[in-house]
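These notes concern the structure reproduced below.
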Amino acid sequence: MKPGGVISTGSSAGSSAHPNRQDQQLVRHIKMLMQMRAYDRVANIMRSDQGCLDATAINGVLRLCGESNNIEGVEWFVMEGLKSGQITSSSTINVALNMCANIGDVNRARTLWDAMQAHGLQPNEITYNTMLKVCTAVGNASEAEWWLQRMCQDGIRPCLVSFTTLINAYSKMGQRAKAETCFALMKDVGIEPDLRLYNSMIDACAKTKDWQKAEQWFSLVQGPDNRTYNCLINACAQASQAKRAEYWLCHMREAGIPPDVISYCSVMHATARVGNAERAEYWMQDMMSNGVMPNLRCFNTIMPAAMATAVAAAWVQLWLDRAGNFGLNPDKSATYNQLFRHFLKVKDAEGATSLFETMQAAGCEPDPWAVAKLNFLKGQAASSCGDDNRCPRTWTSRSTTTGSIDESGNTPLIPGWTQDSEIIHRCPRTWTPRSTTTGSIDESGNTPVIPGWTQDSETIRFWL
């Protein structure tokens, strides 16, 4: 045909493989209109005699919509293609379903599936696998299982990808029993698992902290790779099995597989969970000596190990400074506040006060709750100093039946006092003697007064 002649991209096999310039211009024009969301104009073109597009052009338009996050345009274009008879293969539906999987749009995927069947197109293996992918993308493993069953009922034999998709979903959700059931079913139908599937099974054990089961799955692997070892080390770390995690990292080296930052981070996480800061530091040093540079996750992982030592502040400061030397810019406020809460938990007012001053010097904002708790600890220390003017009363939860009601609505509280269900408190106020011993309410009418005492507004101390 002469240059400039009008042909349809679907008129022949040769024209489909080598569209002429006019066809290319038509595709570019449709893509531009789709970006403008001028759907009516696109519909007019597709319904005209010169608007016939082949599968390659249609998929190109769909991918353009996907790249611009126009999933609405993907659905509209597929529907229009089905109505105009230009989409005649499930391969185009597979492209659209995969875009739904990428953004986790299950409802739109179901709509496309129904439209495909309504126009007489039959799904293939890829179509079912893509529906499995859509469901697992949003963590809906039960519906993915339903699609696998329907796949079998429709006479389409599931493949390794089908089972891997579902087992991965169970693994991420920590449903190890279902993952094992699915694995056994796969073996029954004669499909041999690959290395990635074994990795998923080990990872499922990590989610349930079953390190012994993870080791059993590892024993079945022929030729484990870096990820296999990392999944196993992580399973030991999640179960606080620091020695087993260290053992498998050494085993990894002996197998000729160099540990990476994930391997070391998992081992340090295991040592941190058992409060062994020295071993965490050892593996940090070992990692750096082997040319593996730590990342911010490594430092965040080992920080809890410092809380189990008598020199927690020193460990934290060491690791913070080291992270800064690597240019990692750790969140000092979060780390300091974590240590701050640790000091308060063990009632180390001196350590908390020192850290509070350090935080102020570093420009870090302390947790308001922690500051209030620190003041409370100081108040307890001051109330036990032997002051003769100290209020002699103590109280515990539900020790009085007068006063206001707290947030729970069932525990009476004296106004100005605090209640703790576990600790007996002494009133954090001071009082001055008064000659009279009558009356229990002062002049304001709302402050309880111990008979024989009166409140001195100049000496009242609130430590809460």
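The values are calculated or read from the model by the stated rules, or taken from the named source; none is laboratory data. What you see is a predicted model, and the numbers here were worked out from it, not measured in a lab. Cβ sites come from the backbone with ideal geometry, for glycine too, and all protein chains shown count toward neighbours. For the accessible areas, the whole protein counts, side chains as well, though only heavy atoms, and no ligand, DNA or RNA atoms are used. Shrake-Rupley method; radii C 1.70, N 1.55, O 1.52, S 1.80 Å.
Quick notes on this one:
- Looking across segment 322-363, the residues that are on the phi < 0 side of the Ramachandran plot and of a type in the set (S, T, N, Q) come down to 325, 333, 335, 337, 338, 353, 354, 358, 360.
- When the helices (runs of 4 or more DSSP H) confined to segment 287-354 are screened for residues that are over 24 Å from the mean Cα position of the chain (by Cα) and surrounded by fewer than 18 Cβ atoms within 10 Å (Cβ to Cβ), those reaching at least 3 such residues are found at 312-325.
- Residue tally, condition among the aliphatic types (A, V, I, L, M) and open to solvent by 20 Å² or more (accessible area, probe 1.4 Å), over segment 49-89: 4
- Pairs where the first residue, in segment 111-123, is under 10 Å from residue 93 (Cβ atoms) and in a helix (DSSP H, G or I) and the second is open to solvent by 20 Å² or more (accessible area, probe 1.4 Å) and polar (S, T, N, Q), C-beta under 9 Å, 6+ apart: 116/122
- Where residue 193 falls short, out of the listed (1) farther than 20 Å from residue 208 by Cβ; (2) touching a Lys or Arg at 6+ places or on another chain (Cβ under 8 Å); (3) assigned to a loop (DSSP other than H, G, I, E, B): (1)
- Residue 130 being buried (at least 22 other Cβ atoms within 10 Å of the Cβ), within 28 Å of the chain's Cα centre (by Cα) and β-branched (Val, Ile, Thr): yes
- Selection status of residue 96, in a helix (DSSP H, G or I) and within 30 Å of residue 138 (Cα to Cα): yes
- For residue 210, the criteria (1) open to solvent by 40 Å² or more (accessible area, probe 1.4 Å); (2) under 18 Å from residue 252 (Cα atoms) hold in every case but one, which is (2).
- Members of segment 219-247 that are part of a helix (DSSP H, G or I) and open to solvent by less than 20 Å² (accessible area, probe 1.4 Å): 228, 229, 230, 231, 232, 233, 235, 236, 237, 242, 245
- From 105, 114, residue being charged (D, E, K, R) and either surrounded by fewer than 20 Cβ atoms within 10 Å (Cβ to Cβ) or not assigned by the TED database to the domain that holds residue 53 (or both): 114
- Taken over segment 289-317, the criterion of being touching a helix residue (DSSP H, G or I) at 6+ places or on another chain (Cβ under 9 Å) and free of Cβ contacts under 8 Å to residues at least 12 places away in the same chain is satisfied by 311, 314, 317.
- Check on residue 175, open to solvent by 10 Å² or more (accessible area, probe 1.4 Å), of a type outside the set (A, V, I, L, M, F, W, C) and free of Cβ contacts under 8 Å to residues at least 24 places away in the same chain: no
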